[in-house]
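To keep things clear, I will list the structure first and then write my remarks on it.
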Amino acid sequence: ADRANEHLEDAEQRDLFNHWTHRFLSENDRISPWRAVGALFVLLTLVALVVGFLRLAVHGFQQQQPIAPSLARLVQQQGPTESLMEQRSQGMFQVNNLWEVGRQLARQTFAAAGVAGKVGDPPPPVAVAGGWWQRRMVRLVVVRLWALAYGRKPRTVSPAQWPALLRQLGALRTALADGSVRVG
């Protein structure tokens, strides 16, 4: 290592890299500047490919974790003494995703308001009594809850997000009941 450091220090002192580059580009005018740029582009592309390959080699081809646990995995992890629904509930907590329960609660909230939807339906119109800021915030909450209930893609609902989701659903139910918010 000491010998290699000495060689690198010597190369720095003599400005070896710049000397080689200058000699390579100006020797007998054999290489045009455009050709040098092309060679640099090819070199950078090769470096990017090597870095990408090394990243794949180090991290491997890891499979994406599914949003909800599969039934087969839950059955293998749990003893036969628990019910299938209990295994499913424990599986949701193991993968830190309560999306299924949140989706069901959001659908029940909209159904109680008389608004039924299907997967992929756009959010319903929202009428809010109050100032512009309150209208905006309530509309954003309704759009978020609608996407949870009827969106095409599952959304992650972590146990940390669960209390906030329950507060939003409760506030929306209350606002729908007292008439300050109308959906549909």
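The values are calculated or read from the model by the stated rules, or taken from the named source; none is laboratory data. This structure is a prediction, so every number in the text was calculated from the model and none was measured. So basically every Cβ, Gly included, is an ideal-geometry build from the backbone, and we count neighbours across all protein chains shown. In case anyone asks, the SASA skips ligands and DNA or RNA and just uses the protein heavy atoms, side chains included. Shrake-Rupley method; radii C 1.70, N 1.55, O 1.52, S 1.80 Å.
Summary of values
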| read-out | value |
| --- | --- |
| Some residue of segment 115-131 being in a helix (DSSP H, G or I) and farther than 17 Å from residue 104 by Cβ | no |
| Residue that is modelled with the lowest pLDDT, among those in segment 3-31 that are open to solvent by 100 Å² or more (accessible area, probe 1.4 Å) and of a type in the set (Asp, Glu) | 29 |
| Options 173, 155, 139; residue that is in contact (Cβ under 8 Å) with a residue 12 or more places away in the chain and assigned to a loop (DSSP other than H, G, I, E, B) | 155 |
| Of all residues in segment 116-136 being open to solvent by less than 30 Å² (accessible area, probe 1.4 Å) and in contact (Cβ under 8 Å) with a residue 40 or more places away in the chain, the one that is farthest from residue 102 (Cα to Cα) | 128 |
| Index of the failed condition, residue 165 passing every other in (1) assigned to a helix (DSSP H, G or I); (2) loosely packed, with under 13 Cβ neighbours inside 10 Å | (2) |
| Condition broken by residue 109, with the remaining ones in (1) hydroxyl-bearing (Ser, Thr, Tyr); (2) at pLDDT 85 or above; (3) open to solvent by 60 Å² or more (accessible area, probe 1.4 Å) satisfied | (3) |
| Verdict on residue 86 being open to solvent by 70 Å² or more (accessible area, probe 1.4 Å), at pLDDT 85 or above and out of contact with any strand residue (DSSP E or B) (no Cβ under 8 Å at 6 or more places or on another chain) | no |
| First in segment 96-112 and in contact (Cβ under 8 Å) with a residue 12 or more places away in the chain, second anywhere and open to solvent by 60 Å² or more (accessible area, probe 1.4 Å) and in a helix (DSSP H, G or I), Cβ under 7 Å, 6 or more apart | 109/173; 112/173 |
| Some residue of segment 140-160 being of a type in the set (Ser, Thr, Tyr), over 19 Å from residue 183 (Cα atoms) and within 22 Å of the chain's Cα centre (by Cα) | yes |
| Any pair with Cβ under 7 angstrom, 6 or more apart, that starts in segment 51-76 at a residue that is within 21 Å of residue 98 (Cβ to Cβ) and modelled with pLDDT under 75 and ends at one that is basic (Lys, Arg) and not in a loop (DSSP other than H, G, I, E, B) | 74/88 |
